[in-house]
Amino acid sequence: MNFTGVSESDVDRVYLQLKKEAEDGGYRFNPDSEFTKNLIRGLLKNEQRYGYRACPCRLASGKSAEDGDIVCPCDYRDPDLSEYGACYCALYVSDEIVRGAAQVAPVPERRPPRSLRGKAPAVRTVTTGPVPVFPLPVWRCKVCGYLCAREQPPGICPICKVTKDRFERFI
């Protein structure tokens, strides 16, 4: 792969930064450091191209509003880890993979096709009483699930450190 404009010192710096953030949040990086650094190179190249770190294993549109779900760490990381032991690109893996008790296997694409993105699935609502009214909106981090009640989402998630554009209004 050609990663023109991505220096090895940048790759090493971001690798150490993201690995620490992952571990601080209870996540594990793929133990194959060369494989992982190649993914970091792709993230940095996408950041140069688009202004954000889109998953290097997916085709980004170049429009941050359309690609918010695939900005690393993507919205699909946790369900992929739970079901397959690794995220789609295998940057994040389970403890079993880190210990060598399991191997990374292919993870099916969870991201909906472009034609279906942004369309909310039918949701059945069950209420058992009056819906509470809160004095402030409740915001949810789409990456880690952190909830907070305030006028605007926090600039940085205190749990997983993603920016406020990764929050959605929850209530």
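Throughout, read-outs are computed from the coordinates displayed, never taken from laboratory work. Here the structure is a predicted model, which means the values were calculated and not measured. With ideal geometry, Cβ positions are generated from the backbone for all residues, glycine too; neighbour counts draw on all protein chains shown.
Of 111, 53, 150, the residue with the greatest mean-square motion in the GNM of the chain, using alpha carbon springs below 10 Å, is 150. Given R0 = 35 Å, the distance between the Cβ atoms of residue 98 and residue 138 translates into a calculated FRET efficiency of 0.50. The value given for the stretch 8-106 is a Kirkwood hydrodynamic radius of 13.7 Å, derived from the mean inverse Cα-Cα separation.
Calculated FRET efficiency, residue 63 and residue 7, Cβ-Cβ r, R0 25 Å, to nearest 0.05? Calculated transfer efficiency: 0.40. Per residue, the convex hull around the alpha carbon atoms of the chain comes to 145 Å³.
Extending 7 Å from Cα along the Cβ direction at residue 159 and again at residue 110 yields two label points whose distance is 1.5 nm.
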